[in-house]
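S.K.: Let me begin by handing over the structure; questions about it come next.
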Amino acid sequence: MSPNRNFFHIHLVSDSTGETLLTVSRAAAARYENIHAIEHVYPLVRSRMQMDRVLADVEAAPGIVLYTIVDENLAALLESTCQSLGLPCCNVLEPMHNVFQAYLNLPLLQKIGGQHALDTDYFRRIEALNYTMMHDDGQLPDDLETADIILFGISRTSKTPTSMYLANRGIKTVNVPIIPNLPFPERLKRTEGPFVVALIASPERIMQIRQNRLMSLNASDQDNPYVNRRAIAEEIAFTKRLCAENNWPVIDVTRRSIEETAAEVLSLRNQRQSERLAAELEK
């Protein structure tokens, strides 16, 4: 890569959806500052004709090539072409497959997109997504006890996207907004099965997001308590008091991504489950 450029091309070649490659490449690229990756994504590459189109693009825009290709002939063609062009080419799953194979001492199946199979886990995720959408933003049907996790917090604390991320992992999630001047749902205080956790953020962060929200709606923010810092601070203080009274954990999402927030939710849930199990064993 030329030192005078702040971008590079990366070609992601997969015989499945390409999601694995996107995740890996973005995680790696994030470690480098002021460098922008121009992504060329090629999903469902399963024929010589498709691979030839990929190779033409790679030659036209040289860069890093990452792939997950089960077909050995197509993989070899991609590797040899990149070698002749002097480009780095990496099968991102091969090191992991080698570790698994050495430990399990079992042959590797030549199966494309095995992680996307329509198995029990897949349908569990679909059920969780449907459940979470039906219980979004304060919708509280009678089956609240069937939830895995209940998230609550004031407006603009990323409750909905965090809920959807958790649902995509098969976690049935309810999200409940705290609305000023409206009573908190007493039913939540009586739940025993779901794990309840609150999301908060700094008043400055909430104020900024809410102001942007009003601007997008062409609404005036003057004298609006929705964007008043003192009012927001009171909403956050109420959330903390509620959690203290009910022994619910609080997560500050000010500097967290949705993925990091979801990971912390699951970590706290696992910790709480372990504590309950330990307490039951002591009885």
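Rule-based calculations on the coordinates, nothing more; no lab input. Keep in mind it's a predicted model, so treat the numbers as computed, not measured. Quick reminder, even Gly has a Cβ in these numbers, built from the backbone with ideal geometry, and neighbours come from all protein chains shown.
S.K.: Ranked highest first by average number of other Cβ atoms within 10 Å, how do 233-239, 62-68, 97-103 line up?
M.R.: 62-68, 233-239, 97-103
S.K.: Could you give the length gained by full extension between Glu204 and Ala61, i.e. 0.36 nm per residue of separation minus their alpha carbon distance, to one decimal place?
M.R.: Net length gain for the segment: 47.1 nm.
S.K.: Beta carbons within 10 angstrom, averaged per residue: use that to sort the peptides 190-197, 5-12, highest first.
M.R.: Ranking, from highest mean packing down: 5-12, 190-197.
S.K.: Between Asn105 and Gln271, how many nm apart are label points set 7 Å from Cα along the C-beta direction?
M.R.: Roughly 4.0 nm, to one decimal.
S.K.: State, to one decimal in nm, how far the label point of Leu182 lies from the label point of Leu85, with both points 7 Å from Cα in the Cβ direction.
M.R.: 5.5 nm
S.K.: Please report, in debye to the nearest 20, how large the charge dipole of the chain is about its Cα centre when each Lys and Arg carries +1 at its beta carbon and each Asp and Glu carries -1 there.
M.R.: In total the dipole reaches around 620 debye.
S.K.: Still on this model: Could you compute the FRET efficiency for Leu44 and Asp142, with r as their C-beta to C-beta distance and R0 at 51 Å, rounded to 0.05?
M.R.: Working: r = 43 Å, r/R0 = 0.85.
Using R0 = 51 Å, I get an efficiency of 0.75.
S.K.: Next question. Please identify the cysteines of the chain that lack any partner cysteine with a Cβ under 4.7 Å from their own Cβ.
M.R.: Unpaired cysteines in the chain: Cys90, Cys243.
S.K.: Here is a further query. Could you compute the FRET efficiency for Thr191 and Arg169, with r as their C-beta to C-beta distance and R0 at 30 Å, rounded to 0.05? Working shown, then result.
M.R.: Numbers: r = 21 Å, r/R0 = 0.70.
Once the sixth-power term is evaluated, E becomes 0.90.
S.K.: Also, I was wondering about something else. Place the peptides 81-94, 161-174 in order of packing, highest mean first, counting for every residue the other Cβ atoms within 10 Å and averaging per peptide. Don't jump to the answer; show the numbers that get you there.
M.R.: Working: 81-94: 14.5, 161-174: 21.8.
In descending order of packing, they fall as 161-174, 81-94.
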